[in-house]
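The values are calculated or read from the model by the stated rules, or taken from the named source; none is laboratory data. Keep in mind it's a predicted model, so treat the numbers as computed, not measured. As a convention, Cβ positions derive from the backbone with ideal geometry for all residues, glycine included, and neighbour counts pool all protein chains shown.
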Amino acid sequence: MVKEANAVLRGWSGYFHFRNSTSVMGNLKRYSRDRLRRWLWRKHDGKGGLWSRYPDERMHDHYGLYVLPTTAAWKVYR
């Protein structure tokens with residue numbers, strides 16, 4: 001599931017990440033982490049705390065969720 005989500009997130013960020021998209025990318029990053037967290041929680045019978053068992057760092061480091069850029073591409077190369 002993470003592999004499929006990463007493909008969609010990478011494509012979406014590559015297409016839409018050209019203007020001042022900081023708030024949109026931040027919202028999408030939070031949404032994608034939350035959806036993966038809830039999916040994992042349900043997959044493992046909802047035991048334990050949702051955010052304590054699956055913190056943000058674990059979503060990216062352990063499960064490999066794509067980290068969306070939150071700074072517009074043109075600002076990076078400026």
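Some points to look at:
- Tally, over the range 45-59, of residues that are touching a residue at least 12 places away in the same chain (Cβ under 8 Å) and assigned to a helix (DSSP H, G or I): 5
- Test for Ser13: is it small (Gly, Ala, Ser), surrounded by 14 or more Cβ atoms within 10 Å (Cβ to Cβ) and modelled with pLDDT of 90 or more: no
- Subset tally (residues that are under 18 Å from Gly64 (Cβ atoms) and part of a helix (DSSP H, G or I)) for the range 15-44: 15
- Scanning the range 46-65 for residues that are in contact with a helix residue (DSSP H, G or I) (Cβ under 6 Å, 6 or more places away or on another chain) and over 18 Å from Ser32 (Cβ atoms) yields no hits at all.
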